Amino acid sequence: MSGFDRVLRGGTVVTATGVREADVAIRGERIAALGRDLPPGREEVDVRGRILTPGGVDPHCHIEQLAATGLYNADTFETATRAALAGGTTTVIPFAAQHRGMSLREVVEDYHARAARGAMADYAFHMIVTDPRPEVLEEELPPLVRAGHASLKVFMTYDRLRVDDEQLLDVLAAARAHGCLVCVHAENHGMISWMRKRLVARGYLAPKYHGVSHPRAAEAEAIQRLAVMSAFLDQPVMVFHISTREGLRAFARARADGVKIFGETCTQYLLLDARDLDRPGVEGAKWICSPPLRGPEDRKALWDALATGLLDCVSSDHAPYRMDETGKLARGPNPGFHEIANGLPGIELRLPLLFDAALEGRHIDLPAFVRLTATAPARIYHLPAKGDLTPGADADIVVWDPEVTWEIPEGPRFDDAGYTPYAGRRLRGRIRTVYRRGEPVVVEGEVRAAPGSGRFLPRTGGEAARPLGRPAPEFDPARNFGAELL
Ligand SMILES: [Zn+2]
């Protein structure tokens, strides 16, 4: 007897490094073997004509998150991860979001409890730090990192969330000392705030002015400043949701200079357009996200950056708000652009939208699809059992039928946003089955996972902890690296 619980037989297996015909054998929660003519398992599954990819890893999604406005986004862990699974994403990294004055430890405990109740996908957290006071960074942070939370997120903009330059340095130094990656929303706060005030004062309030209020240069400036600070303290950073050509250029320069900098973009910056905001009335509010949607030249540059490997991953930045008084219209039925919650739903369709592009050979191929949506985020964020189809990995597998073409319907999906900005698109490739740790959790569009069956993934293999100034180095003023003395 082979001892295999299940053998998926005769499919086309795609990994980040290639495409091959192979059977996939599952034992318990893991992939036991990959190869041709594997011995039979207790259950045989015929996947001839199907394409098998690793379950998606969505490293940037907002789930059951409290905004600074006091508003929760539309999803609970149950509805968001139900949508994630339905779309082939088996691992998510949402946020534990501190607001000013809050204890980071209590915040993490709160999100832990919510996820334990509802999550159907496996999960980890990035800890959002908006209040990097000494007790947070020196007392609360170290045990949290040791408990498996090996990444932080900070905002360089938003009045109530942002850290200033000194605080950013504090966070980078703490991350370096305790061994975690720092993810950053990089936009210049002053430029956005200056533009917003002037637009509002002149009565430019329609949703489309949201795009104008986030100047393209604001992104490039912040990425450049972040890269300089990252290099100054020799602390790795991840630039979230790069959206412009100018931002990409700043990012590429930092990479070329040897800065330890990772970069992502999101599905919406690849597929949606600033003109989507210009619809009658408040309809455009559905397309408001930050950074805002841009133009065709930006999309082309972003796709190129994915194809060449300049950018590391594509996340959803799922941030759902309903088009009603609980969400986008919380400030009234006719809000100005500056009164509308920022964010789009996208956790479900990230994989199907990109799989369609890869299958049709638009910009990326299938191995690049796997690298960008699963393998690279799993490696960058230290999830060693995730993001690959290889013996020993968790058996998180998406089985696609590449022959079916379907149209995304209007109206609600598995999440709780009540709409999708991608309605009406025709996609090639349909998910037939999703396995999470060996169990079929989605079968022909029906999600079968139980709320709370997702598992917390502690990430203890983080960056090496490197306290500043220990051991005391010999200081060479010519090197302009005073941080060594701290
Ligand atoms: Zn986000």
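A short reminder: the numbers here are calculations on the coordinates, not readings from a lab. Since this is a predicted model, take the numbers as computed values, not measurements. Virtual Cβ from ideal backbone geometry, glycine too; neighbours counted across all protein chains shown.
Annotations
- Ordering of 323-330, 400-407, 87-94, 380-387 by burial proxy (mean other Cβ atoms within 10 Å per residue, highest first): 87-94, 380-387, 323-330, 400-407
- Counting neighbouring Cβ atoms within 10 Å and putting the fewest first, the residues Tyr209, Tyr321 line up as Tyr209, Tyr321.
- Cα centroid separation, segment 199-249 to segment 355-431 (Å): 27 Å
- Segment 288-380 - Kirkwood radius from inverse mean 1/r over Cα pairs (Å): 15.0 Å
- When the P(r) of segment 232-353 is calculated, the portion above 16 Å amounts to 63% of the C-alpha pairs.
- Gap separating the Cα centres of segment 44-76 and segment 145-169, nearest whole Å: 23 Å
- Taking amide H positions as modeled 1.01 Å from N, with prolines and chain starts lacking one, the residues under 5 Å from Leu457 and 5 or more places away or on another chain are Tyr123, Ala124.
- Taking GluC sites (Glu not before Pro) across segment 409-465, the ones in a DSSP loop with at most 11 further Cβ atoms lying within 10 angstrom of their Cβ are Glu410, Glu444.
- Each Lys and Arg contributes +1 and each Asp and Glu -1, all at the Cβ; summed about the Cα centre of the chain, the dipole is approximately 580 debye.
- Cβ crowding within 10 Å ranks Tyr123, Tyr419 as Tyr419, Tyr123, fewest other Cβ atoms first.
- In terms of overall dimensions, the C-alpha atoms belonging to segment 1-159 reach 59, 31, 30 Å along their principal axes, ordered largest to smallest.
- Expressed in units of 2.2 N^0.38 Å, where N is the residue count, the Cα radius of gyration of the chain is 0.96.
- Between the residues Trp287, Tyr321, Phe262, the greatest Cα displacement towards the positive end of the dipole of the chain, with unit charges on the Cβ of Lys, Arg, Asp and Glu, is found for Trp287.
- Links that overshoot a 31 Å alpha carbon limit, given the list Lys260/Lys286; Lys197/Lys328; Lys197/Lys260; Lys197/Lys286; Lys260/Lys300; Lys153/Lys208: Lys260/Lys286; Lys197/Lys260
- Each 5 Å bin from zero up to the one holding the largest Cα-Cα distance in segment 227-283 carries the following percent of pairs: 4, 17, 22, 18, 12, 9, 8, 6, 4, 1.
- Likely footprinting exposure, Arg20, Arg146, Arg294, fewest C-beta neighbours within 10 Å first: Arg20, Arg146, Arg294
- The calculated 222 nm mean residue ellipticity attributable to helices in the chain amounts to -8000 deg cm²/dmol, summing -39500 (n - 2.57) over DSSP H runs of n ≥ 4 and dividing by all residues.
- Computed over segment 83-163, the P(r) curve from all C-alpha pair distances, binned at 10 Å from the origin, holds 18, 47, 27, 8, 0 percent per bin.
- Helical segments meeting 24 Å axial Cα length and Kyte-Doolittle 0.5 threshold in the chain (DSSP H): 216-233
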